[in-house]
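The values are calculated or read from the model by the stated rules, or taken from the named source; none is laboratory data. What you are looking at is a predicted structure, and each value in this text was computed from that prediction instead of being measured. Here Cβ is always computed from backbone atoms with ideal geometry, including for glycine, and neighbour counts include all displayed protein chains.
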Amino acid sequence: MKFFLDSANFKEIEEAHSWGVVSGVTTNPSLVSKEKGPFDEIVKKICNLMPDCPVSVEVLSTVSGGMVEEAHRLAALADNVVIKIPMGAEGLKAVHRLSTEGKKVPCNVTLVFSANQALLASRAGAAYVSPFIGRIDDIGWDGTDLVKNIMNIFTCHELDTKVIAASIRHPLHVEQVAAAGAHIATVPFSVLGQMSRHPLTDLGIERFLADWGKTRQEERI
Ligand code: E4P
């Protein structure tokens, strides 16, 4: 499973990129609205920070014509832009047009909450689908089960749309969607940090250094 960073924050993107574990970025209007500066400039800078990595940027229009127009405008900002299109009939129409007409634009169908939605998005031509795990858990269902269902269906029918497990809230979600076979998990920076830490690692380092310090202090670098 690959990792994308779910963020529009430059510092977080730069730091995560330097760890060598992130191979893409996903943004949404809520994430971008937290950052300062013109939208297009934010998009260009993120794409520049992560060259050769897909950067998902969401359209704001709610009708297919507007989505397609916005998608072409955003896709012209950088070579690695992927257009996030909200699930629904208008979204499907837009994805179909963007994946078949003229200059093709890769789409990430977002706000997916059922396997049927994922299946439709894939058939419409989506390069990625994003089931929202945390928001499903929030309403008392099991987000990880949805990822398992989608993976089974996509494997069974040999669909090549990549599944991005989104709305990841904690490290356990990451392990669960990895076990469910998700191609990608898009993870907030805070969760990436939590994943890297363990109290026994910290304690282990502390003990090693203390033991070394007791007898071999003079050889310390
Ligand atoms: C994914 O593409 C979305 O940007 C994101 O994962 C949504 O997460 P949230 O439910 O925590 O807002």
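Lys103 meets all of the listed conditions (1) modelled with pLDDT under 95; (2) crowded, with 20+ Cβ neighbours inside 10 Å; (3) not β-branched (Val, Ile, Thr) but one, namely (2). Of all the criteria given as (1) over 22 Å from Pro54 (Cβ atoms); (2) at pLDDT 95 or above; (3) surrounded by 12 or more Cβ atoms within 10 Å (Cβ to Cβ), the one not satisfied by Thr161 is (1). Residues in segment 34-59 that are more than 12 Å from the ligand (Cβ to nearest atom) and of a type in the set (Gly, Ala, Ser): Gly37 only. In segment 13-28, the qualifying residues are those that are touching a helix residue (DSSP H, G or I) at 6+ places or on another chain (Cβ under 9 Å) and within 13 Å of the ligand (Cβ to nearest atom), and the one that is farthest from Gln176 (Cα to Cα) is Thr27. For beta carbons closer than 9 Å, sequence separation of 6+ or different chains, a first residue in segment 162-182 that is at positive phi and within 12 Å of the ligand (Cβ to nearest atom) and a second that is hydrophobic (A, V, I, L, M, F, W, C) and in a helix (DSSP H, G or I), the qualifying pairs are Ser167/Ile133; Ser167/Ile136. The set of residues in segment 111-131 being buried (at least 23 other Cβ atoms within 10 Å of the Cβ) and among the aromatic types (Phe, Trp, Tyr) consists of Tyr128 alone. Candidates are the residues of segment 118-140 that are over 18 Å from the mean Cα position of the chain (by Cα) and closer than 20 Å to Leu159 by Cα; the one that is farthest from the ligand (Cβ to nearest atom) is Arg123.
Taken together, Thr155, Thr186 contain a single residue that is in contact (Cβ under 8 Å) with a residue 12 or more places away in the chain and surrounded by fewer than 12 Cβ atoms within 10 Å (Cβ to Cβ), which is Thr155. Taking only segment 52-98 into account, find how many residues are more than 20 Å from Leu119 (Cβ to Cβ) and in a loop (DSSP other than H, G, I, E, B). Matching residues across segment 52-98 total 13.
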